[in-house]
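This report refers to the structure that appears directly beneath it.
The values are calculated or read from the model by the stated rules, or taken from the named source; none is laboratory data. Note that this is a predicted model, so its numbers are computed, not measured. FYI the Cβ positions are ideal-geometry reconstructions off the backbone, even for glycines, and counts take in every protein chain you see.
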């Protein structure tokens, strides 16, 4: 279980997170929605311990990651897989080396098993025969799927997705949504998905949380959010320029 | 009104010295920790050493030639015709102790230090450093430690190679100018000591560490886009070059003139 308590973070004068409180249950898929620049990715990086908060705590399975040392954080990070917004593939490594990067560190596999696992994981995200290509030879969508394969290859307990459907066509985006659902159903993976894509949010989420002005302004099931009388939520989920959100 | 600016600058300098010191400490610990990133270390040996051979060859050759030219003129003008053959030990001493370690240090800072800052800086702004953390790899162990060890080994190797090139070029220049080759060689071998060469190599090893740590530090500090990478690259070269020149003076002052003295 992940418990985020009163999380605050500022960059200079810019107060990005101003008291975030969220509880994420085991096996649940929580989708966080919000405007660009609202601090969704910053929140995700806090969950993984990549950024230290100014105040507050994040408890992952009983361990406060904000007070952990780098070595302790490294152990906690084994539980997580992160799909980056722009894939963040290692430029100097081939696709196969990228996908096997976490596997080599987290799992004790023979080279043959490693190769097999890389092939299988790439096939899961709809990619074949690209193991020896370099990241610069891939399209944006392919990079994203290789990034996803790299994150899920070592079968983490918690998956963090930063805009999984951005930059790929609607059919592939839906295939990734199906994969998020499949991973939850088959492996009981806990997922935190950050997205602007409301189709994706409704499809994969057990609960949706909306981040606005550094705070969570609404949390609920997709149905509850659809029926919410919060005007900020209504403006965002219907994608209207008119409404209480003026900063765009 | 000047006080806040002064204290801010002092604070900033202290902070940066602290950052570099901390990075150096963590890198040293990670060099000795297992498992080691052997594959990257070997790649870096090639990058720092083999790929710098051409630039070091040219620099050492022309450094040796110009030093030989001025020494020849000096002896010829102030001591007299025939005395030029006594320039051999002076040329070799100057090259091995001072000129070649500095030239190699500056060349490697320009070629390798800038590349390190650019590569690590690009990784930083494209979230590849965060990806390393998320996949259980410490960037200091994975990126900085192999680069630092490779520079610590290869800069002295390049310096030794440069010493040979410089001394050989200086010899051929003098012989070409009609200097007695037997006297020149005998004087050089008689007065040049192993410590003169070793002293230069020790300095080169320290310069190697400076180049890798400053390049990596600037890379890891990179912010912004392409402009940030450009700034980090420039700073890496400028800072490491200045540190090399300052350190060289103090090392020359501190190191004994001869072994055992």
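Points to keep in mind about this one:
- Whichever residue in the range B:103-149 is surrounded by fewer than 24 Cβ atoms within 10 Å (Cβ to Cβ) and under 12 Å from the mean Cα position of the chain (by Cα) and, among such residues, is farthest from residue B:232 (Cα to Cα): B:103
- Index of the failed condition, residue A:175 passing every other in (1) part of a helix (DSSP H, G or I); (2) at pLDDT 90 or above: (2)
- Members of the range A:40-64 found to be assigned to a loop (DSSP other than H, G, I, E, B) and either closer than 20 Å to residue A:165 by Cβ or within 12 Å of chain B (Cβ to nearest Cβ) (or both), listed by number: A:48, A:49, A:50, A:51
- In the condition set (1) at pLDDT 90 or above; (2) loosely packed, with under 14 Cβ neighbours inside 10 Å; (3) within 23 Å of residue A:214 (Cα to Cα), residue A:36 is compliant with all but (1).
- Wholly enclosed helices (runs of 4 or more DSSP H) of the range A:65-158 bearing at least 3 residues more than 10 Å from chain B (Cβ to nearest Cβ): A:95-106, A:111-124, A:140-152
- Qualifying residue in the range A:34-42 (condition: assigned by TED's automatic domain parsing to the domain that holds residue A:184, more than 24 Å from residue A:72 (Cβ to Cβ) and more than 17 Å from the chain's Cα centre (by Cα)): no
- Of the helices (runs of 4 or more DSSP H) entirely within the range B:48-116, those holding at least 1 residues that are more than 14 Å from residue B:204 (Cα to Cα) and free of Cβ contacts under 8 Å to residues at least 24 places away in the same chain occupy B:53-74, B:87-94.
- Count of the range B:130-160 residues, restricted to those that are more than 9 Å from chain A (Cβ to nearest Cβ) and under 22 Å from residue A:100 (Cα atoms), is 8.
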